[in-house]
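To start, the structure under review is shown below, and the notes come after it.
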Amino acid sequence: MPVDMKALIAETLQKMAQKGNIDKITVKSLIEECHISRQTFYYHFQDIMDVMEWSVRRMTQQLLEQSLAEKDLHSALQIFIGFTAEQFPLLEKLMNSQRRPMFEKLMTDSLEIYLSRLMLHHHKDVSMNSVDRDLLLRYNVCGLAGTLIAFCGRPDLDQDRLARQLERILYGELSEWLKE
């Protein structure tokens, strides 16, 4: 069976990041760990950030497919929260690295794709002009990113409760205090 070289490189980078300092990982150290040539690496990727981007896009696509297979928004959110909680140690390292600005952009871009597809899947019949939709989507993406970072690393995280709360926010049910 042929080796998926891109996946091998990405998985190796993830393992290296989990063990050590993400800022210290170089192309040289990565290719040594993968037992591949520099030429093989550059055939598949431009640099370390390119590997991260490819990994994030791949994970986002997998999460999206799993989420869209769910019957409701709550179950879809649970999949995303569970994944984020499981990957939180790596996420925290990335957020504390010198690459934080690039990773934040990757995270918000991925969340935007995720939320827009998820909302279209669960709410096809909602009509809204594109300017309002884009603003609402960006607002929810930034809120979701901040919430996941703030809550998914907690040892007392109740994933089901967080999914219910996020679902209520996305449905506009927790905005009652704004109406007073």
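The values are calculated or read from the model by the stated rules, or taken from the named source; none is laboratory data. These figures come from a predicted structure and were not determined experimentally. When we count neighbours, we look across all protein chains shown, and the Cβ atoms used for this are built from the backbone with ideal geometry, even at glycine. Surface areas here come from the heavy atoms of the whole protein model, side chains and all, with no ligands, DNA or RNA. Shrake-Rupley method; radii C 1.70, N 1.55, O 1.52, S 1.80 Å.
In this simple spin-label approximation, residue 23 and residue 108 carry label points 7 Å from Cα along the Cα→Cβ vector, and these lie 2.2 nm apart. Surface calculation, 1.4 Å probe, protein heavy atoms: residue 40 sits at approximately 40 Å² accessible. Annotation for residue 75 and residue 7: the two label points, set 7 Å from Cα along the Cα-Cβ direction, are 2.6 nm apart. Share of segment 46-173's accessible area from carbon and sulfur, percent, 1.4 Å? Carbon with sulfur: 53 percent of the solvent-accessible area.
With respect to the cross-link table entries 6/28; 15/105; 24/93; 19/93, which display a Cα-Cα separation exceeding 19 Å?
15/105
Peptides 6-19, 153-166, 74-87 ranked from most to least packed by the mean count of surrounding Cβ atoms within 10 Å: 74-87, 6-19, 153-166.
Full extension of the chain between residue 173 and residue 150 yields a length gain of 6.2 nm, computed as 0.36 nm times the residue separation minus the alpha carbon distance.
Inverting the pair-averaged 1/r between distinct Cα atoms of segment 68-164 gives 14.4 Å as its Kirkwood hydrodynamic radius.
What is the helix-to-structure angle for 130-151, meaning the angle in degrees between its Cα long axis and the longest Cα principal axis of the chain, kept from 0 to 90 and rounded to the nearest 10? Between helix and principal axis, roughly 70 degrees.
Accessible area per residue of the chain at 1.4 Å probe, in Å²?
I get 62 Å² per residue for the chain.
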